[in-house]
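The numbers here are math on the coordinates, done by the rules we state, and not lab data. Everything numeric in this text was worked out from a predicted model, so none of it was measured. Positions of Cβ are generated from backbone atoms using ideal geometry, with glycine treated the same way; all protein chains shown enter the neighbour counts.
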Amino acid sequence: MTWNIVCDSSADLLSETRNDGGIRFTSVPLRLLVGERDFLDDEQLSIPQFLEYMKEEKAASSTACPSPAAFAQAFSAADCTICFTISANLSGTWSAAMMGRELALEEHPEKKICVIDSKSTAGCMVLLARKAKALIGRAENPDFETICGELRIYQAALRTVFTLENFDNLIKNGRMRPLVGNLLHSLGIHVIAEATPQGMIHVADKARGETKTYQAITKLMASSKDCTRAEVVISHCQNLPGAIKLKEQILKDLPVKSVDILACRGLTSFYAMEKGLILGY
C-alpha cells in the first residue's frame, strides 16, 4: 500500500521526489500575483527576487489557490492520501482540495483520501506532515481512519504565532493605514500575532526591539499551552540571524523538545515579508 502526504505550498517544504518506505510527500503550489507578474510557488521561485518585485510594485498583490484538478492529480498518485491545507478562513485552498478529493474519487473510488484544515500555515503544517509520516511508519499495517483521527487531535493542539517588521503588503492591501505602518517601522516596533483555534489572525502584542519581541513571543507561547516536549518550527523570511536568536530564546525560556528552522517559501514570504518570523508549535 502506498501513502502520499500532500500539503499546499504554504507549508515550507518542497515535494520529495524519492519514495521513502512507501511514503511520498507532495507540495501543491499556490499562485502569487504581483502586478502583471504571475508566480508559481514551486522550487523554481527565487524568494529574494520575488520580494524585490513586491517591493517595487505599487498596487496590491494577491494570491490564488491551487485548482481542484491539481489536488486531484496529487491525490491519485497513491492508495492512501492525507492532505493538509492552509486555514480555510484565510484561503479557498481547503475548498479546492475538497473538490479535488471528489474528482479523484470519481475516477478512483477505491482510494482513501483525507483532507484536514490545519487552521494555520507554515510550521504547523510541517509538524502535521511529520506527524503523519511518523504515524504511518510506526505501524506494520497502518489503519487509515485511525491515523486521520489522531492527526485531527494533534492539529487541535498546535499553535501558531508570528511577528512582522515589514508592513508594506498590509498597507498596499488596505489592511493597515500607511501612517500606522510607517510609524511602527520607524520606531522599530514588531507586531506579534497568533492564529485563533478557528484559524483567524489575532494581534496579541507589540514590542520594541528584537530582544523584547522574542521574550514576548516565548511568554505568549507559555500562556497558550503547555510547551513541555513540544516540537517547534520557525519559518523565517530572509532572516536567519533573527530565527537563530529566537530559537536560543525559546530554548532558554521553555522546556521544548526541539526547535527547527526553515526558510519561508513564496506564500509565507508573501505574508511575512522580509524579516518576518512564523512559529508553529
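Couple of notes before you dig in:
- With the simple spin-label model, which puts each label point 7 Å out from Cα in the Cβ direction, the D79 to L240 separation comes to 4.1 nm.
- Across the options T63, V34, A122, the greatest Cα extent toward the positive end of the charge dipole of the stretch 8-127 (unit charges at beta carbon of Lys, Arg, Asp, Glu) belongs to A122.
- Cα centroid separation - the stretch 58-116 against the stretch 224-281, whole Å: 27
- Dipole-positive endmost among L246, I153, A139 within the chain (Cβ charges, Cα centre): L246
- For the chain, with +1 on Lys and Arg beta carbons and -1 on Asp and Glu, the positive-most of L105, L14, T163 along the dipole: T163
- Computed packing ranks the peptides 131-138, 227-234, 69-76 as 69-76, 227-234, 131-138, most packed first, by mean other Cβ atoms within 10 Å.
- Separation of the alpha carbons by more than 20 angstrom is noted, of K55/K275; K119/K225; K55/K206, for K55/K206.
- Cα centre as origin, Lys/Arg/Asp/Glu Cβ charges: the chain dipole, Debye: 1000
- In this simple spin-label approximation, D42 and R138 carry label points 7 Å from Cα along the Cα→Cβ vector, and these lie 3.5 nm apart.
- Label corresponding to Cα extents along the principal axes in Å when calculated from the structure given, among [x] 106, 50, 33; [y] 58, 47, 31; [z] 50, 41, 34: [y]
- FRET efficiency estimate (nearest 0.05) - Cβ-Cβ, A59 to E248, R0 25 angstrom: 0.05
- For the chain, cysteines whose Cβ has no other cysteine Cβ within reach (under 4.7 Å): C7, C65, C80, C83, C124, C227
- Dividing the mean sequence gap of close Cα pairs (under 8 Å, 6+ apart) by how many residues the chain holds gives a relative contact order of 20 percent.
- Residues in the stretch 114-147 that a label on T2 would reach, taking backbone N under 17 Å of a point 7 Å out along Cα→Cβ: 114
- Sequence ranges 23-35, 100-112, ranked by mean other-Cβ count within 10 angstrom, highest first: 23-35, 100-112
- Label point distance in nm, A222-E106, each placed 7 Å from Cα along Cα→Cβ: 5.4
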